[in-house]
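**Student:** Structure below; questions to follow.
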Amino acid sequence: MSHTAGEEALEPLMGRALGQIERLGAWVIGSIQYWGKAWIFLWYLLKGVVTPPLRLRLVFEQIAQIGFHSTFVVALIGIFTGAVLAVQGEYTLSKFGATAFTGPAVALSLIRELGPVLTALMVIGRAGSAITAELGIMKITEQVDALRSMAVDPMKYLMVPRFIAGCIAVPLLTAIFIAVGIFGGYIVAVSVLGLSSGTFVSQMVSAVGTVDVYSGFIKACVFGFIFGWVSCFKGHTCGFGAIGVNKATTQSVVTSSVCILVTDYFLTSILTRVFL
């Protein structure tokens, strides 16, 4: 009798445990399916890039949307980032009597790290969300199906131009961010902090090498790749209705930002070992 009662007492516990295992298994399977879809989407995206026809007019239009229209906000953030770096660099280096190295500190921070990362994050917030929302709305309003009915490949017509434009625009915007940031740091260091103009420029020129520029450029290209991939994929797999578009847009910004920050760590580790 007691044995039967014990088994009855264990049944709820076993049921809850099996439920937890079932939910865990469903999450694992769903995650694997999701990443599989993402990689398959990337394969077709890259295939569309290298197979004709390439609609250059659409690519240039997207470069204008992603790049040109983001120039002002990128330059604005860049000039204040350089100014902050100059103030913080001068304050920190003054403790060691090395304020002459404020220029290299500003330039190297912008070229190797902050320029590519902050530019990518700003472009994601401004253009990545717009791309995902635009593609999502086209999907739920059956415009994508209308393209298929007219024998137009949506991947070639919608996704590929945005992907190529992202890979081109992000490195160009990064260059603008770095140039404006160094200018902002120079203005603050010389005009506000009273540092020598010649020392700022000469130390910066002697400290910054080709390796640093290559490192920043590689990061910018990789971040542009991630930006285009995630933004287009989230729009392509958007759920139904306004809630689906809202969710896809939010996920696009969050996923792209997290992927860029995580990738930045690994790229920094790899590039440091390769170039040094």
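The values are calculated or read from the model by the stated rules, or taken from the named source; none is laboratory data. Since the model is a prediction, treat every value here as computed from it, not as a measurement. A quick note on method: Cβ atoms are made from the backbone with ideal geometry, for glycine too, and the neighbour counts reach across all protein chains shown.
**Student:** What single numbered condition from (1) within 21 Å of Gly216 (Cβ to Cβ); (2) hydroxyl-bearing (Ser, Thr, Tyr); (3) surrounded by fewer than 19 Cβ atoms within 10 Å (Cβ to Cβ) fails to hold for Thr102?
**Tutor:** It fails just one condition, (3).
**Student:** Let me ask something else. Among the residues of segment 180-214, write down those that are under 23 Å from Ala98 (Cβ atoms) and polar (S, T, N, Q).
**Tutor:** Ser191, Ser196, Ser197, Thr199, Ser202, Gln203, Ser206
**Student:** Among Glu113, Glu61, Glu142, which is acidic (Asp, Glu) and on the phi > 0 side of the Ramachandran plot? If you could, list the steps in order and put the result at the bottom.
**Tutor:** On the way: Glu113 fails: on the phi > 0 side of the Ramachandran plot; Glu61 fails: on the phi > 0 side of the Ramachandran plot.
When all the criteria are applied, what remains is Glu142.
**Student:** Among the residues of segment 59-69, is there at least one that is part of a helix (DSSP H, G or I), under 30 Å from Ser197 (Cβ atoms), under 18 Å from the mean Cα position of the chain (by Cα) and touching a residue at least 60 places away in the same chain (Cβ under 8 Å)? Spell out how you get there, then give the answer.
**Tutor:** Of all residues in segment 59-69, those part of a helix (DSSP H, G or I) come to 59-66, 68-69.
Okay, now just the ones that are also under 30 Å from Ser197 (Cβ atoms), so none.
No, the conditions are met nowhere in segment 59-69.
**Student:** Give the residues of segment 234-251 that are over 12 Å from Arg162 (Cβ atoms), among the small types (Gly, Ala, Ser), in a helix (DSSP H, G or I) and touching a helix residue (DSSP H, G or I) at 6+ places or on another chain (Cβ under 8 Å), sorted by residue number.
**Tutor:** Listed by number, the residues that qualify are Gly241, Gly244, Ala248.
**Student:** If the Cβ limit is 8 Å and pairs must be 6+ apart or interchain, which residue in segment 28-49 that is surrounded by 10 or more Cβ atoms within 10 Å (Cβ to Cβ) pairs with which residue that is of a type in the set (Ser, Thr, Tyr)?
**Tutor:** Lys37/Thr237; Phe41/Thr237
**Student:** How many residues, within segment 83-99, are surrounded by fewer than 19 Cβ atoms within 10 Å (Cβ to Cβ) and not polar (S, T, N, Q)? Even if it seems obvious, please write down each step before you answer.
**Tutor:** Step one: filter segment 83-99 for residues surrounded by fewer than 19 Cβ atoms within 10 Å (Cβ to Cβ), giving 84, 87-88, 91-98.
Still in the running and not polar (S, T, N, Q): 84, 87, 91, 93, 95-98.
Here the count works out to 8.
**Student:** Testing Leu108 on (1) surrounded by fewer than 19 Cβ atoms within 10 Å (Cβ to Cβ); (2) assigned to a helix (DSSP H, G or I), one condition comes back false. Which one is that?
**Tutor:** With (1) surrounded by fewer than 19 Cβ atoms within 10 Å (Cβ to Cβ); (2) assigned to a helix (DSSP H, G or I) applied to Leu108, the lone miss is (1).
**Student:** Of everything in segment 22-47 that's modelled with pLDDT under 85 and small (Gly, Ala, Ser), which residue is nearest to the chain's Cα centre (by Cα)?
**Tutor:** Filtering first and then ranking leaves Ser31.
**Student:** A further question on this structure: Does Phe200 satisfy the criteria of being of a type outside the set (D, E, K, R), over 29 Å from the mean Cα position of the chain (by Cα) and surrounded by 24 or more Cβ atoms within 10 Å (Cβ to Cβ)? Give the steps one after another, and end with the answer.
**Tutor:** Details: of a type outside the set (D, E, K, R): yes; over 29 Å from the mean Cα position of the chain (by Cα): yes; surrounded by 24 or more Cβ atoms within 10 Å (Cβ to Cβ): yes.
Against the criterion (of a type outside the set (D, E, K, R), over 29 Å from the mean Cα position of the chain (by Cα) and surrounded by 24 or more Cβ atoms within 10 Å (Cβ to Cβ)), Phe200 qualifies.
**Student:** Look through segment 212-249, keep the residues that are polar (S, T, N, Q), within 22 Å of Phe41 (Cβ to Cβ) and touching a residue at least 24 places away in the same chain (Cβ under 8 Å), and return whichever of them is surrounded by the most Cβ atoms within 10 Å (Cβ to Cβ).
**Tutor:** From segment 212-249, those polar (S, T, N, Q) are 215, 231, 237, 246, 249; that's our starting set.
After this cut, where a residue has to be within 22 Å of Phe41 (Cβ to Cβ) as well, the list is 231, 237, 246, 249.
Now narrow it down to the ones that are touching a residue at least 24 places away in the same chain (Cβ under 8 Å): 231, 237, 249.
Details: Ser231: 32, Thr237: 18, Thr249: 22.
For segment 212-249, the residue satisfying everything is Ser231.
**Student:** From Ala165, Ala120, Ala127, grab the single residue that is closer than 26 Å to Gly89 by Cα, touching a residue at least 12 places away in the same chain (Cβ under 8 Å) and in contact with a Phe, Trp or Tyr (Cβ under 9 Å, 6 or more places away or on another chain).
**Tutor:** Result of the check over Ala165, Ala120, Ala127: Ala120.
**Student:** Given the structure, is Gly78 in a helix (DSSP H, G or I), in contact (Cβ under 8 Å) with a residue 12 or more places away in the chain and farther than 24 Å from Phe240 by Cα?
**Tutor:** Details: in a helix (DSSP H, G or I): yes; in contact (Cβ under 8 Å) with a residue 12 or more places away in the chain: yes; farther than 24 Å from Phe240 by Cα: yes.
When the stated conditions are applied, Gly78 passes them.
**Student:** State which residue is nearest to Met204 (Cα to Cα) when the search covers only segment 131-184 and only residues that are among the charged types (D, E, K, R) and buried (at least 16 other Cβ atoms within 10 Å of the Cβ).
**Tutor:** Only one residue tops the list, namely Arg162.
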